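S.K.: Here it is, the structure in full.
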Amino acid sequence: MAESEEEVDVLVQRVVKDITNAFKRNPNIDEIGVIPCPEARYNRSPIVLVENKLGVESWCVKFLLPYVHNKLLLYRQRKHWLEREALADITCTLLLLNPDFTTAWNVRKELLQCGVLNPEKDLYLGQLALTKFPKSPETWIHRRWVLQQILGQCSAADRSKKRQQGDAEQGDAERGVAERRDAEQGDAGRGGAERGDTERGDAERSQQLSEHLARTLHQEMKVCSDAACRYPSNYNAWSHRIWVLQHMGQGNVKVLHDELSSMRLWVSMHVSDHSGFHYRQFLLKALITELSQTPASTSSPQQRCSTAPSSSSLHHSQANGELSEGEAATDEEWQLSANTVLQLFHQEMELCSDLIQSFPGHETLWSHRRHVFYLWHHWRREQQQQQQKGSTNGESRSGVLSSNGDPAPPTLSAQSSACGGGGVNGQGHAAQAMEVDGVSLPDPRDSKRLKTGVRPPSPPALPSEPSFVSGFLDGCCNPEQRRFALAYKKWLDTVIGQQP
Amino acid sequence: MGTQVKDVIIKPDAPSSLLLDKHADYIAAYGSKKDDYEYTLSEYLRMSGIYWGLTVMDLMAQLPRMNRPEIVDFIKSCQHECGGLSASIGHDPHLLYTLSAVQILCLYDSVDALDVDKVVEYIKGLQQEDGSFAGDKWGEIDTRFSFCAVATLALLGKMDKINVDKAVEFILSCMNFDGGFGCRPGSESHAGQIYCCAGFLSLTGQLHQVNADLLGWWLCERQLPSGGLNGRPEKLPDVCYSWWVLASLKIIGRIHWIDKAKLRSFILACQDEETGGFADRPGDMVDPFHTLFGIAGLSLLGDEQIKPVNPVLCMPEDVLQRVRLQPDILS
């Protein structure tokens, strides 16, 4: 095989070109990998493209990587000049082999800034690198930078639109004068028609931008899911997903709801993925915050109450979760929000109970229970405080909490079978569990009654934790399950018990 | 119906005594394989690699075996115009490697090989309005970078050059309900991030802000039946997490809450009797990274064949005494 420096040069340049051509030939490559192949086969490229999979034969990696590595470093030290296209190709090859090479991503950032690369192309390269290196911190870091660029472009476009609008409004005033003058001269209306066109154009552009952002967000969620499936408890993938929601989906109740719904199945199938469950806790907390801050009247009670997966009403709700200001929330609206939150907690604890019983001995599930209970505990305390404040002000914000201010509900009927009863699917209490204290959950359709001032049925509440735990402590459980149940009990007694 | 606990089983013939000479030979030989493919692959973190190797050599009192002038020259050539240091020549500067470089120069008592004022300017320039630190000029935020910033400044005696109050505020905004910390506000608790945040709060004199019992609880729950510690629930035990968890427990004064003897036998079982060095878990491939954290962990557990290590900076205590740095530890 080619071993002299010159021969290696020729070989590697050809391979880099082959990789570039593979991407040109098939823009839908969706996975990369190394094909174990200790020796070169005569006259055949080590780059193999089968359907949408790009493979590199392993024998050439030991030539390829040091070559592109050194080439880039010489360029960085200004000892060797590279054209922009060559830089793009070399960093692409380098990063597919070694995606934590920070400086190579930085070179691409510079290429992006001067317009040689576009953001989507780099998101795609990162996505491919993640198929082989799903944890690669530098790949995730680069993605966040690229997404910031896209966000920056969008907000710049938004600002310039607003400026134009401002100009247009000022123009309107001037035109108004002109039009009156024109009217006197019998030539009215022309300026108005032109203005209509630009407004339509702006509206379309703004629509396009928000659609672009929504698509990017959706695509990011998919990239995160794929990486999460490739490597369990993938901290970088899940913390990226949180970052994306914090930066691209702020206050977007619909996105939070959709994520919570779609994650339900995922966590049920990955019961030891602590990061996946933490993401769920993040979503729950974000939703509760949103619902508690904006019990606004603009969103229909139906969409507020509905937390069921793929509820069609949600998809018709406001895409940005923007709620109009200035409308004072009424008592009933507060109550509806609180009911929705309570329902979220109820569903989450039910899911958690089901999973703990179906999959015994998973620390992740017990840790999830702690967090959800903690969130509930704090939310309840805030509600009580608000209620107390309300009653001292002579207002009544009732309905969520019972008159003695204690929302702690009776036990769910089926919890006593926690340990012994029920196989993986045969919990048998799914239907019962929706009933608490013999009263069904409020039907979203009941909201009409609310509007007309009829008091709603009592909202759902959480099961009693001590009795949930006691089901696991009678000695018939697997020892791990028993250990986690004991730790949970201790946590309730000390951490929650010590709080005011 | 049982679930296999995610843990390792330590075989009866696993190493149970400390092979110090083998480890020193392993590290001394590591740097000489510069043409290795593996060596190229890890060049992007070379500066940290050198810090791992030199620190573990110093803890074993073998530092004189390393090539001091060559290393100091190398570090000098990694300082950039902006003041920051890169992992290697031709790479871009970053806080991670700036800290590693300053740590190495402290071991060698040669911090003046650098333009210290420029290093300080570089770090200062990376602090954001909310008190957080970007890792480099491209703006990524992470609690690890806050630690790098204050650790470097503490070693240089220049902590007053940044807005410490704001920096503390950001770290505290990353605290979670379980007492732990993540990489950013809202992120999952992670033993590595907890180490950085606990170390940060120690260096800034703010350890009273930690809920030591709650955090200590979470950290202790990382110990598995094998004795090893993991970094998050249901992850495998790992020598490096053993260090991060153990050091965090030491910082918050709760190291006696775990089973030290069991952890010691887990760490010893991660040695390679033939090649020297430590792996992440028994039977895996060794590397300098896990070798440092294995030795440092044993030092924290009180092994007297090793120099005492400082839990906050992962450097020999005698070096910190020389630079007159005594980070807080809760009792």
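The values are calculated or read from the model by the stated rules, or taken from the named source; none is laboratory data. All figures in this text were calculated on a predicted structure; none of them were measured in a lab. Every residue, glycine as well, gets a Cβ built from its backbone with ideal geometry; the counts of neighbours run over all protein chains shown.
S.K.: Within segment B:175-196, can you find the residues that are more than 12 Å from the chain's Cα centre (by Cα) and farther than 15 Å from B:Leu214 by Cα?
M.R.: Residues satisfying the conditions are B:Gly182, B:Cys183, B:Arg184, B:Pro185, B:Gly186, B:Ser187, B:Glu188.
S.K.: Then there is this: Name, by its number, the condition in (1) among the charged types (D, E, K, R); (2) under 20 Å from the mean Cα position of the chain (by Cα); (3) closer than 18 Å to B:Lys262 by Cβ that does not hold for B:Glu221.
M.R.: (2)
S.K.: Then there's this: Given the structure, is B:Gln193 crowded, with 18+ Cβ neighbours inside 10 Å and touching a helix residue (DSSP H, G or I) at 6+ places or on another chain (Cβ under 7 Å)?
M.R.: Here the answer is yes, as B:Gln193 does meet what is asked.
S.K.: So, restricting to helices (runs of 4 or more DSSP H) that lie completely within segment B:1-70, which ones have at least 1 residues that are closer than 28 Å to A:Leu65 by Cα and within 14 Å of another protein chain (Cβ to nearest Cβ)?
M.R.: B:37-41, B:46-59
S.K.: Need pairs with beta-carbon distance below 9 Å; first residue on the phi > 0 side of the Ramachandran plot and within 11 Å of chain B (Cβ to nearest Cβ) and within segment A:239-259, second part of a helix (DSSP H, G or I) and surrounded by fewer than 21 Cβ atoms within 10 Å (Cβ to Cβ); sequence gap 6+ or separate chains.
M.R.: Matching pairs, first to second residue: none at all.
S.K.: Being in a helix (DSSP H, G or I) and either surrounded by fewer than 21 Cβ atoms within 10 Å (Cβ to Cβ) or of a type in the set (Gly, Ala, Ser) (or both) is the filter; apply it to segment A:129-141 and report the residue that is nearest to the other protein chains (Cβ to nearest Cβ).
M.R.: Among those that are in a helix (DSSP H, G or I) and either surrounded by fewer than 21 Cβ atoms within 10 Å (Cβ to Cβ) or of a type in the set (Gly, Ala, Ser) (or both), it is A:Pro137.
S.K.: Taking only segment A:337-377 into account, find how many residues are within 24 Å of the chain's Cα centre (by Cα), within 14 Å of chain B (Cβ to nearest Cβ) and not charged (D, E, K, R).
M.R.: 12
S.K.: Would you pick out the residues in segment B:116-137 that are among the aromatic types (Phe, Trp, Tyr) and either modelled with pLDDT under 95 or outside any helix (DSSP H, G or I) (or both)?
M.R.: Once the filter is applied, which keeps residues that are among the aromatic types (Phe, Trp, Tyr) and either modelled with pLDDT under 95 or outside any helix (DSSP H, G or I) (or both), segment B:116-137 yields only B:Phe133.
S.K.: If you check B:Asp115 against the conditions, is it within 14 Å of chain A (Cβ to nearest Cβ), acidic (Asp, Glu) and more than 25 Å from B:Ala191 (Cβ to Cβ)?
M.R.: On the way: within 14 Å of chain A (Cβ to nearest Cβ): no; acidic (Asp, Glu): yes; more than 25 Å from B:Ala191 (Cβ to Cβ): yes.
No, not satisfied.
S.K.: Further question: So is B:Lys250 touching a residue at least 24 places away in the same chain (Cβ under 8 Å) and in contact with a Ser or Thr (Cβ under 9 Å, 6 or more places away or on another chain) or not?
M.R.: No; evaluated as a whole, the condition is false for this residue.
S.K.: Specify which of the listed residues (A:Gly276, A:Gly249) is surrounded by 22 or more Cβ atoms within 10 Å (Cβ to Cβ), of a type outside the set (D, E, K, R) and out of contact with any Leu (no Cβ under 7 Å at 6 or more places or on another chain).
M.R.: Of A:Gly276, A:Gly249, the one residue that is surrounded by 22 or more Cβ atoms within 10 Å (Cβ to Cβ), of a type outside the set (D, E, K, R) and out of contact with any Leu (no Cβ under 7 Å at 6 or more places or on another chain) is A:Gly276.
S.K.: Same structure, new question: Tally up the residues in segment B:145-186 that are polar (S, T, N, Q) and in contact with a helix residue (DSSP H, G or I) (Cβ under 8 Å, 6 or more places away or on another chain), please.
M.R.: Residues in segment B:145-186 being polar (S, T, N, Q) and in contact with a helix residue (DSSP H, G or I) (Cβ under 8 Å, 6 or more places away or on another chain): 2 in total.
S.K.: For segment A:343-368, give me each residue that is farther than 12 Å from A:Arg280 by Cβ, out of contact with any Pro (no Cβ under 9 Å at 6 or more places or on another chain) and charged (D, E, K, R).
M.R.: Matches in segment A:343-368: A:Asp354 only.
S.K.: Inspect all residues belonging to segment B:80-87 and state whether any of them is within 14 Å of chain A (Cβ to nearest Cβ), of a type in the set (Asp, Glu) and part of a helix (DSSP H, G or I).
M.R.: no
S.K.: Okay, moving on. Name the single residue, out of those in segment A:9-49 being in a helix (DSSP H, G or I) and of a type in the set (Asp, Glu), that is farthest from A:Phe133 (Cα to Cα). Give the derivation first.
M.R.: In the first step, residues of segment A:9-49 are kept if they are in a helix (DSSP H, G or I); the result is A:9-25.
Now restrict to residues that are of a type in the set (Asp, Glu): A:9, A:18.
Numbers: A:Asp9: 27, A:Asp18: 22 Å.
Taking the candidates together, the pick is A:Asp9.
S.K.: List, please: which pairs have Cβ atoms under 8 Å, are six or more places apart or on different chains, and start with a residue in segment B:33-57 that is over 14 Å from B:Gln103 (Cα atoms) and end with one that is at pLDDT below 85?
M.R.: Between residues of segment B:33-57 that are over 14 Å from B:Gln103 (Cα atoms) and residues that are at pLDDT below 85, the close pairs are B:Tyr39/B:Lys33.
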